[in-house]
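To start, the structure under review is shown below, and the notes come after it.
The values are calculated or read from the model by the stated rules, or taken from the named source; none is laboratory data. Computed from a predicted model, the values in this text were never measured in an experiment. Glycine gets a Cβ as well: all are built from the backbone with ideal geometry, and neighbour counts include every protein chain shown.
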Amino acid sequence: MSPAGALRIIPLGGLGEFGLNCTVLESGEDLLVLDAGLMFPTEDFLGVEIVVPDLSYIAERRDRVRGVVLTHGHEDHIGAVPFLAPLVSCPIYGSPLTIGFTADRLRDNRPGHRAELVAVRDRESISAGPFEVEFLPVTHSIPDAFALAIRTPAGTILHTSDFKLDPTPVDGRLTDLERIGHLGDEGVRLMLLDSTNAPVRGATPSEREVGRNL
């Protein structure tokens with residue numbers, strides 16, 4: 001349990017590796033889980049089909065989990081939900097597309113398990129214990145992705161998840177830089193940023209180019 005007013009950030013996967021994205025925020029006795037992704041094995045994992053995060057930290061505190069928040073529908077962010085959902089009894093939030101993908105994963109891997117899946121919209125906010133989460137639209141290689149503005153007793157955290165600054169997304173849904181700028185003016189205590197291609201010079205092509213090439 002974190003001290004009163006303090007915040008613990010416990011990454012269970014996704015740092016320094018591709019996949020297994022899963023992070024726990026802990027404030028007092030309350031936990032918020034961000035994503036639950038899997039990793040597809042390399043040639044080093046003979047006979048292994050998928051790799052999932054070690055969820056024992058969550059299992060040992062299952063009654064204190066106030067919510068699960070999914071940033072987007074890629075497997076490295078939602079693929080482990082069928083392993084996480086039976087451990088918790090709280091809502092699982094995400095965009096309509098992400099929740100649709102998640103429902104399919106649960107039907108395929110946990111038939112009969114009834115999870116509380118809640119679809120949220122751009123700029124909508126939800127409360128989960130002491131956490132208030134605002135869902136900010138970002139462009140990515142999959143539609144309906146979110147960055148998260150998370151207000152905690154220790155201050156506001158901006159969690160970008162995976163994103164790209166695509167000026168011409170196929171669905172016309174742009175990264176909400178205006179709202180992110182306003183959050184900066186209000187004060188952000190910590191920014192958690194995906195950095196997969198940060199060292200690469202230049203700009204990533206728009207997803208619109210994929211359709212032209214096809």
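Please go through the range 91-122 and pick out each residue that is more than 19 Å from Asn21 (Cα to Cα) and in contact with an Asp or Glu (Cβ under 7 Å, 6 or more places away or on another chain). The one that is more than 19 Å from Asn21 (Cα to Cα) and in contact with an Asp or Glu (Cβ under 7 Å, 6 or more places away or on another chain): Pro96. On the given criteria, is Asp108 over 30 Å from Gly28 (Cβ atoms), in contact (Cβ under 8 Å) with a residue 60 or more places away in the chain and out of contact with any Phe, Trp or Tyr (no Cβ under 8 Å at 6 or more places or on another chain)? The answer is no for Asp108.
Total residues in the range 18-53 satisfying the condition of being surrounded by 20 or more Cβ atoms within 10 Å (Cβ to Cβ) and of a type in the set (Gly, Ala, Ser): the figure is 4. Restricting Pro53, Pro41 to those that are of a type outside the set (A, V, I, L, M) and modelled with pLDDT of 95 or more reduces the list to Pro53. Determine whether His182 is modelled with pLDDT under 95, within 22 Å of the chain's Cα centre (by Cα) and more than 24 Å from Val65 (Cα to Cα). Against the criterion (modelled with pLDDT under 95, within 22 Å of the chain's Cα centre (by Cα) and more than 24 Å from Val65 (Cα to Cα)), His182 does not qualify. Among the residues of the range 180-210, none is identified as surrounded by 17 or more Cβ atoms within 10 Å (Cβ to Cβ), β-branched (Val, Ile, Thr) and assigned to a loop (DSSP other than H, G, I, E, B). Out of the residues in the range 73-87 that are surrounded by fewer than 24 Cβ atoms within 10 Å (Cβ to Cβ) and touching a Lys or Arg at 6+ places or on another chain (Cβ under 7 Å), which is nearest to Arg62 (Cα to Cα)? Out of the qualifying residues, it is Leu87.
Here His113, His140 are screened, and the one residue that is closer than 23 Å to Asp54 by Cβ and of a type outside the set (A, V, I, L, M, F, W, C) is His113. Residues in the range 143-179 that are among the aliphatic types (A, V, I, L, M), in contact with a helix residue (DSSP H, G or I) (Cβ under 6 Å, 6 or more places away or on another chain) and assigned to a loop (DSSP other than H, G, I, E, B): Val170 alone.
Of the residues making up the range 121-128, at least one is within 23 Å of Ile10 (Cα to Cα) and among the hydrophobic types (A, V, I, L, M, F, W, C). Of the conditions (1) within 30 Å of Val210 (Cα to Cα); (2) modelled with pLDDT of 95 or more; (3) out of contact with any helix residue (DSSP H, G or I) (no Cβ under 9 Å at 6 or more places or on another chain); (4) not basic (Lys, Arg), Phe131 fails just one. Which one is it? With respect to (1) within 30 Å of Val210 (Cα to Cα); (2) modelled with pLDDT of 95 or more; (3) out of contact with any helix residue (DSSP H, G or I) (no Cβ under 9 Å at 6 or more places or on another chain); (4) not basic (Lys, Arg), Phe131 is out only on (1). Taken together, the residues in the range 128-153 that are surrounded by fewer than 17 Cβ atoms within 10 Å (Cβ to Cβ) and in contact with a strand residue (DSSP E or B) (Cβ under 8 Å, 6 or more places away or on another chain) amount to 3.
Is it the case, given these coordinates, that Leu15 is surrounded by fewer than 18 Cβ atoms within 10 Å (Cβ to Cβ), on the phi < 0 side of the Ramachandran plot, part of a loop (DSSP other than H, G, I, E, B) and over 17 Å from the mean Cα position of the chain (by Cα)?
The answer is no for Leu15.
Against the list (1) part of a strand (DSSP E or B); (2) over 25 Å from Leu38 (Cα atoms), the condition Asp122 fails is (1). Pick from the range 68-100 the residues that are in a helix (DSSP H, G or I) and aliphatic (A, V, I, L, M): which of them is farthest from Ala115 (Cα to Cα)? Out of the qualifying residues, it is Leu97.
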